[in-house]
Amino acid sequence: KTRRTTVPQIAARKGGDPIVSLTSYHAHTAAIVDKHADFILVGDSLGMVMHGMESTVGVPLDLMIMHGRAVVKGTQKALVVVDMPFGSYEESPSVAFRNAAKIMKETQCGAVKLEGGARMAETIRFLTERGIPVMAHIGLTPQSSHVMGGFKTQGRDEDTWAAHEADAQAVSDAGAFAVVLEGMVEPLAAKITKQIPIPTIGIGASAECDGQILVLEDMLGLSPWTPKFVKVYGNLGEMIEKAVEEYATDVKSRAFPSEDEIYR
Ligand code: KIV
Ligand code: NA
């Protein structure tokens, strides 16, 4: 069995070869992603992608644990990072520790991710000092979409850059081993990447980031709608529809099951 990529190995990639990452929510797709990704994120986007929710706000802790466990079991090589869902960490560092420890014990993942910059610094420090590696997530933070009034690209107004830069510095100082920069204007993401000593993982950010991440189903062409920042590399939606249509035709014509698929 090959050893998994470790948190320090990801941290050491700052300024080096770009870090490859995708989300995964289930064992069999994770096994494919595992061949090419440095780390796999079990993102709370699974609420929308797997469970038809309208936002990530409704995702419960137990759901993250179930999918996290499946992805750890399905993989051997990549570091697995599990998102802390809305409501499981914001209240206090001790609540965050309790829930992060539960995620790590029950999934055997290698790290957790949580949203927020300066305001989460104390919690990030509390967790990392007690053995839980934390990936931070700043810029567009979907769990705060109700406060922000939707999913809005960050940093369009240059007056807001200082606050985002301060967030990046705060999570880095607090001990986060990497930080996701989501949905921010390119020059801001590039600037932050140069300023902080930990890897930045871009999504709707910049090619200058130390790594990139996308939601797997989005880049596979399975999601009915994707934002501008997604490059669609596959056409899984079309492939599934074609297969389902052929199957339906075969069932109706009794072409399935054929001699090959029955026991004599
Ligand atoms: O939940 C998720 O998929 C994420 C990535 C988009 C970074 O947080
Ligand atoms: Na997320």
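Taken over the C-alpha atoms, the chain has Rg and Dmax values of 19.8, 74 angstrom.
Give, as a single signed number, the net charge of other residues whose beta carbon lies under 15 Å from the beta carbon of residue 125, with Lys and Arg counted +1 and Asp and Glu -1.
Values: positive: 119, 130; negative: 122, 129, 167, 173.
Residues close to residue 125 contribute a combined charge of -2.
Taking the DSSP beta bridges with both ends in the chain, the antiparallel portion is around 0 percent.
By how many nm would the segment from residue 245 to residue 51 lengthen if fully extended, with 0.36 nm per residue of separation less the alpha-carbon distance?
Numbers: separation 194, 0.36 × 194 = 69.84 nm, distance 2.32 nm.
Roughly 67.5 nm would be gained on extension.
Start at zero, step by 5 Å, and the Cα-Cα distances of region 160-264 spread as 2, 12, 16, 14, 10, 9, 8, 6, 5, 5, 5, 5, 4, 1, 0 percent across the bins. The Cβ shell under 12 Å around residue 204 holds other residues with a net charge of 0, Lys and Arg each +1, Asp and Glu each -1. At residue 262 and residue 163, where each label point lies 7 Å from the Cα along Cα→Cβ, what is the point-to-point distance in nanometres? In this crude spin-label approximation the distance works out to 6.8 nm. Ignoring lysines fewer than eight residues from residue 191 along the same chain, the ones with Cα atoms less than 20 angstrom from its Cα are 14, 152.
With springs only between Cα atoms under 10 Å apart, run a GNM on the chain and tell me which of 124, 198, 240 wobbles the most. Result: 240 has the largest fluctuation of those listed.
Between 0 and 90 degrees, the angle of helix 186-195 with respect to the longest Cα principal axis of the chain falls at about 60 degrees.
The value obtained for region 1-153, namely the Cα convex hull volume divided by the number of residues, is 120 Å³ per residue.
By the rule of a C-alpha distance below 16 Å, with chain neighbours fewer than 8 residues away ignored, the lysines paired with residue 35 are 1, 73, 77. For region 68-193, the relative contact order comes to 24 percent (Cα pairs under 8 Å, sequence separation of at least 6).
Computed over the chain, relative contact order equals 17 percent, with contacts defined as Cα pairs under 8 Å that lie 6+ residues apart. Take every Cα-Cα pair in region 53-139 and report what % of them are more than 15 Å apart. Cα-Cα pairs in region 53-139 separated by more than 15 Å: 55 percent.
Centre-to-centre, using Cα atoms only, region 105-151 and region 49-83 are separated by 15 Å.
Dipole orientation for the chain: of the candidates 211, 111, 46, 111 has the Cα lying most toward the positive pole (charges on Cβ; Lys, Arg +1; Asp, Glu -1). Projecting the Cα positions of 160, 184, 8 onto the charge dipole of region 7-233 (unit charges on Cβ atoms of Lys, Arg, Asp and Glu, taken about the Cα centre) puts 8 furthest along the positive direction. Can you compute the helix-only [θ] at 222 nm over the chain? Use -39500 (n - 2.57) per DSSP H run of at least 4 residues, normalise by all residues, nearest 500 deg cm²/dmol. Result for the chain: -11000 deg cm²/dmol, rounded to the nearest 500.
The stretch between residue 20 and residue 62 holds 12.4 nm of extra length on full extension. This uses 0.36 nm per residue minus the Cα-Cα distance.
Once the C-beta distance of residue 156 and residue 232 is scaled by a Förster radius of 35 Å, the resulting FRET efficiency is 0.90 to the nearest 0.05.
Only the coordinates and a few stated rules stand behind these numbers; no lab work does. This structure is a prediction, so every number in the text was calculated from the model and none was measured. Cβ coordinates were reconstructed from backbone atoms using ideal geometry, including for glycine residues, and neighbour counts include every protein chain displayed.
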